[in-house]
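Asks: Before I ask anything, let me first share the structure, which is written out below as structure tokens.
The values are calculated or read from the model by the stated rules, or taken from the named source; none is laboratory data. Worth saying up front: this structure is predicted, and the values here are computed from it rather than measured. As a convention, Cβ positions derive from the backbone with ideal geometry for all residues, glycine included, and neighbour counts pool all protein chains shown.
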């Protein structure tokens, strides 16, 4: 749950962190997020969303982040490693914010790494994260499908 709380906090506060923080680790993370070379699009409940996206390298994983600096519907998808393949999306680490409601995503992500760029698709079920609990609801709140492209690996 600490990972989910951190990701949601990052989603809600990243717009206020455009200046340097003074912490080298935070500054490095912000630099990666601001290097938005790609895009991510996704469909939820008949609505289509398009956000600028970036790839962020963390200590033990990579994250595809869309809409963190100027978007309305931020999304974060976690990759265990940076290589072509199909991976599971865990409800505790993958999140999206739609109309000011946070959701955890459980599903799969297909990744293709070619020539320094990443493309792919993802799909899964959404589980609403209530303001009263840090755990996602047990019942699905719908589905999400999407694609991403143009993400730089360096």
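Asks: Look at the stretch 135-154 and say how many of its residues are assigned to a loop (DSSP other than H, G, I, E, B) and either modelled with pLDDT of 95 or more or touching a helix residue (DSSP H, G or I) at 6+ places or on another chain (Cβ under 6 Å) (or both).
Replies: 0
Asks: Related question: Cβ-Cβ under 8 Å, sequence separation 6+ or interchain: first residue in the stretch 128-154 and at positive phi, partner assigned to a loop (DSSP other than H, G, I, E, B). Which pairs?
Replies: 142/45; 150/37
Asks: For residues in the stretch 66-89 being in a loop (DSSP other than H, G, I, E, B) and crowded, with 22+ Cβ neighbours inside 10 Å, which is modelled with the highest pLDDT?
Replies: 74
Asks: Could you tell me which residue of the stretch 90-131 is nearest to residue 63 (Cα to Cα), considering only residues that are assigned to a loop (DSSP other than H, G, I, E, B) and more than 13 Å from the chain's Cα centre (by Cα)?
Replies: Taking the candidates together, the pick is 116.
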